[in-house]
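Engineer: I'd like to ask you about the structure that follows.
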Amino acid sequence: MFNVKFADKTVSFSSPVTAYDAAKEAELISREVIAAKINGKPSDLTTLIDADAEVELLTFADEDGARVLRHTASHVLAAAVKRLYPETKLTIGPAI
């Protein structure tokens, strides 16, 4: 048994749970939530939690939330470009 602690709620689980499912169980999920900080580390909502954790839910208004969304969007864009133009060479760089 482990606890997932949010700002004003704590929920307990007996098996691994995603950040999204933990927030849903705590009745804290909304359409604005796009990412989470799990024990201080920015993560997506599909990250599994399997031990005691402190979770902060992030929206685009949060700097870390915007960073996670931009990073994900850059991967989606790169996949779309490669699909349309297979000869394209991708590079590594910051999500802008």
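The values are calculated or read from the model by the stated rules, or taken from the named source; none is laboratory data. Model, not experiment: these values are computed from the prediction. Every residue, glycine as well, gets a Cβ built from its backbone with ideal geometry; the counts of neighbours run over all protein chains shown. Calculation scope for accessible area: heavy atoms of the full protein, side chains included, ligands and nucleic acids excluded. Shrake-Rupley method; radii C 1.70, N 1.55, O 1.52, S 1.80 Å.
Engineer: Give me the pairs: first residue in the stretch 72-87 and closer than 19 Å to residue 44 by Cα, second residue aliphatic (A, V, I, L, M), beta-carbon distance under 9 Å, and six or more apart or on different chains, which are they?
Structural biologist: Correct list of pairs: 72/34; 72/35; 72/95; 73/95; 74/95; 74/96; 75/95; 78/90.
Engineer: With respect to the numbered conditions (1) open to solvent by 50 Å² or more (accessible area, probe 1.4 Å); (2) outside any strand (DSSP E or B), which one is the sole condition not fulfilled by residue 12?
Structural biologist: Result: residue 12 passes all but (2).
Engineer: When you go through 76, 33 one by one, which is the residue that is of a type in the set (Val, Ile, Thr), open to solvent by less than 100 Å² (accessible area, probe 1.4 Å) and more than 12 Å from the chain's Cα centre (by Cα)?
Structural biologist: Going through 76, 33 in turn, just one is of a type in the set (Val, Ile, Thr), open to solvent by less than 100 Å² (accessible area, probe 1.4 Å) and more than 12 Å from the chain's Cα centre (by Cα): 76.
Engineer: Among the residues in the stretch 52-61, are any assigned to a loop (DSSP other than H, G, I, E, B), at positive phi and either basic (Lys, Arg) or touching a Lys or Arg at 6+ places or on another chain (Cβ under 9 Å) (or both)?
Structural biologist: Taking every residue of the stretch 52-61 in turn, none turns out to be assigned to a loop (DSSP other than H, G, I, E, B), at positive phi and either basic (Lys, Arg) or touching a Lys or Arg at 6+ places or on another chain (Cβ under 9 Å) (or both).
Engineer: If we scan the stretch 38-49, do we find a residue that is in contact with a Leu (Cβ under 8 Å, 6 or more places away or on another chain), open to solvent by 30 Å² or more (accessible area, probe 1.4 Å) and among the hydroxyl-bearing types (Ser, Thr, Tyr)?
Structural biologist: Within the stretch 38-49, none of the residues are in contact with a Leu (Cβ under 8 Å, 6 or more places away or on another chain), open to solvent by 30 Å² or more (accessible area, probe 1.4 Å) and among the hydroxyl-bearing types (Ser, Thr, Tyr).
Engineer: So residue 64 ticks every box in (1) part of a loop (DSSP other than H, G, I, E, B); (2) under 15 Å from the mean Cα position of the chain (by Cα); (3) in contact (Cβ under 8 Å) with a residue 12 or more places away in the chain but one. Which box is left unticked?
Structural biologist: (1) is the only condition that residue 64 fails.
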